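Working notes, beginning with the structure itself.
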Amino acid sequence: MNISRSLAQRIVEEIGSIINQHINFIDTDCVIVASTDKERINMLHEGSKMVLETKEPLVINSDNEYRGAKQGVNLPAFFNQDIIGVIGVTGKPSEVERYGQIIKKITEILCVEDYYISQRRQLKKAREQIVREFISMVDTSEEAIIALKTRAELLDMYLDKVKLVILVYLRANDEQDELVIERTKEKVYKEIRNKVKGHKNVVIVDSGMKLICMYEDADIKYLKTQIIRITKEIEQRFNVNLFFGIGTQVNSIYEIRESYKKADEALRIAIQSQSENNICIYDELGIELLISDISEEVKRKFTSMVFKGKDETYINETIKLLKVYFSCDGSITKAADKLFIHKNTLQYRLNKMKNELGLDPRIYNEAFTLQTAIRIYEFIT
């Protein structure tokens, strides 16, 4: 195991804070790579050579005994029975020798912790690589997919059990700089991972600003409920917006890539439009699929034509009224009750709208034009 300078510095600082002595970490090239005495970093420590060769502690009684060394005790540092360096404690040997077991235990604990963190990081990267290869692979022959599936299983990923792909995108506060956004993303995606650990065989990997979630569970209604619950908690805690695209159900490993593509399309629409709870389910998309492919210029021209160039306040009030009316399937009585107004008042407003826009929501074709304009307006605002 190669000890990084950051880990070595952490080791010397942890030990130094406990025994209140200067601590050095010397690597296998006899160079002090970390120290609580900053002036000694990068100096050659000749005494450590003997420790590395004999794998036994070395007591140095005076500062002049070895070049680059000071009075104190130097102990071999081991990990999995291999010597990884030398820990030097500066001070009178009679005073610092008694700290040998403490130093040994702290070093082992920190090295084991760093080792497992490194292993988890490598496993995460390997899994991410498998998923990236899978969703972008050109050769989709049975042999190629089986080969990738076999590699995935070595990493405890069972792609043949995947039933659904969900993509998550994080939008941070515009005022945050890139470094803050990246750190926030890591915290949020870690939180999401922790909250979905209970799901059987869920594979979660990072892909840039997106999180790819592959579920064995294909109960979209249940998953949507869980997403809404998790999203509310995370958005309030981290001051971010989360968007979700839910792909189509998968019946075999060969359909995962298609579910991913559809989840990506649904995510794009969730980000562009004002979808409920920022969640788009591909199988529930209708006209949104068409709208998402229309250019911004055409979208703006169409909404301007329908709303006759009215200001934002007028358009928002009109949309609010129409949404209630359409949700009640054109029932004046039900819509009036929902709006807490008399039905004659609602009739008056609809007539006024007809005169101002030249469109009557009570006529099917004209209602369709208004509904389309509403959906397009929500895409561009």
Answer with yes or no whether Arg171 is in the same structural domain as Tyr282 (by TED's automatic domain parsing), more than 24 Å from Phe134 (Cα to Cα), exposed (fewer than 15 other Cβ atoms within 10 Å of the Cβ) and under 12 Å from the mean Cα position of the chain (by Cα). yes
Scanning the stretch 136-163 residue by residue, the ones that are buried (at least 16 other Cβ atoms within 10 Å of the Cβ) and β-branched (Val, Ile, Thr) total 2
For Glu153, the lone unmet condition from (1) at positive phi; (2) assigned to a helix (DSSP H, G or I) is (1)
Got at least one residue in the stretch 178-185 being in contact (Cβ under 8 Å) with a residue 24 or more places away in the chain, under 30 Å from Val86 (Cα atoms) and surrounded by 14 or more Cβ atoms within 10 Å (Cβ to Cβ)?
no
Result of the Cβ filter at 8 Å on the stretch 1-30, keeping first residues that are farther than 20 Å from Gln71 by Cα and partners that are assigned to a helix (DSSP H, G or I) and of a type in the set (Phe, Trp, Tyr), at least 6 apart or interchain, is Met1/Tyr115
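If you scan the stretch 313-334, which residues turn out to be among the charged types (D, E, K, R) and free of Cβ contacts under 8 Å to residues at least 12 places away in the same chain? Full working, then the answer.
Step one: list which residues in the stretch 313-334 are among the charged types (D, E, K, R), which gives 317, 320, 323, 329, 334.
Residues satisfying the conditions are Glu317, Lys320, Asp329, Lys334.
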Arg193: passes all of (1) modelled with pLDDT of 85 or more; (2) assigned to a helix (DSSP H, G or I); (3) not aliphatic (A, V, I, L, M) but (1)
Go through the residues of the stretch 358-381 one by one and say whether even a single one is touching a helix residue (DSSP H, G or I) at 6+ places or on another chain (Cβ under 7 Å), assigned to a helix (DSSP H, G or I), loosely packed, with under 14 Cβ neighbours inside 10 Å and hydroxyl-bearing (Ser, Thr, Tyr).
no
Every listed condition ((1) modelled with pLDDT of 85 or more; (2) of a type outside the set (A, V, I, L, M, F, W, C); (3) not in a helix (DSSP H, G or I)) holds for Lys224 save (3)
Scanning the stretch 41-55 for residues that are part of a helix (DSSP H, G or I) and either among the hydroxyl-bearing types (Ser, Thr, Tyr) or in contact (Cβ under 8 Å) with a residue 24 or more places away in the chain (or both), the one surrounded by the most Cβ atoms within 10 Å (Cβ to Cβ) turns out to be Ser48
Listed by first then second residue, the pairs whose first member lies in the stretch 58-83 and is within 12 Å of Glu46 (Cα to Cα) and of a type in the set (Lys, Arg), whose partner is in a strand (DSSP E or B) and at pLDDT 90 or above, with beta carbons under 9 Å and at least 6 positions apart or on separate chains, are Arg67/Leu44; Lys70/Asn24; Lys70/Ile60; Lys70/Gly88; Lys70/Thr90
Of those in the stretch 205-221 that are surrounded by 14 or more Cβ atoms within 10 Å (Cβ to Cβ) and of a type in the set (D, E, K, R), the residue modelled with the highest pLDDT is Lys210
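I want to confirm something. Restricting to the stretch 84-100 and keeping residues that are more than 37 Å from the chain's Cα centre (by Cα) and either among the β-branched types (Val, Ile, Thr) or in a strand (DSSP E or B) (or both), which single residue is farthest from Leu7 (Cα to Cα)?
At the first step, the residues of the stretch 84-100 found to be more than 37 Å from the chain's Cα centre (by Cα) are 86-100.
From what's left, either among the β-branched types (Val, Ile, Thr) or in a strand (DSSP E or B) (or both): 86-90, 96.
On the way: Val86: 14, Ile87: 13, Gly88: 15, Val89: 17, Thr90: 20, Val96: 23 Å.
The extreme case among them is Val96.
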Of the conditions (1) closer than 16 Å to Glu378 by Cβ; (2) among the acidic types (Asp, Glu); (3) loosely packed, with under 14 Cβ neighbours inside 10 Å, the single one that Glu297 does not satisfy is (1)
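Quick check on Lys125: is it farther than 21 Å from Val12 by Cβ, assigned to a helix (DSSP H, G or I) and either in the same structural domain as Ile256 (by TED's automatic domain parsing) or out of contact with any helix residue (DSSP H, G or I) (no Cβ under 7 Å at 6 or more places or on another chain) (or both)?
So Lys125 fits the description; yes.
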Residue hits (the stretch 61-83; assigned to a loop (DSSP other than H, G, I, E, B) and either among the acidic types (Asp, Glu) or not assigned by TED's automatic domain parsing to the domain that holds Lys105 (or both)) are Asp63, Glu65
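Look at the stretch 54-106 and say how many of its residues are at positive phi and out of contact with any Ser or Thr (no Cβ under 7 Å at 6 or more places or on another chain). Write out each step before concluding.
Initial filter on the stretch 54-106 (at positive phi): 55, 68, 72, 80-81, 85, 91.
Now drop any that are not out of contact with any Ser or Thr (no Cβ under 7 Å at 6 or more places or on another chain), which leaves 55, 68, 80-81, 91.
Residues that pass the stated criteria total 5.
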When the stretch 235-267 is checked residue by residue, the ones that are aromatic (Phe, Trp, Tyr) and either in contact with a Phe, Trp or Tyr (Cβ under 7 Å, 6 or more places away or on another chain) or part of a helix (DSSP H, G or I) (or both) are Phe238, Phe243, Tyr254, Tyr260
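The values are calculated or read from the model by the stated rules, or taken from the named source; none is laboratory data. This structure is a prediction, so every number in the text was calculated from the model and none was measured. We place every Cβ from the backbone using ideal geometry, glycine too, and count neighbours over all the protein chains shown.
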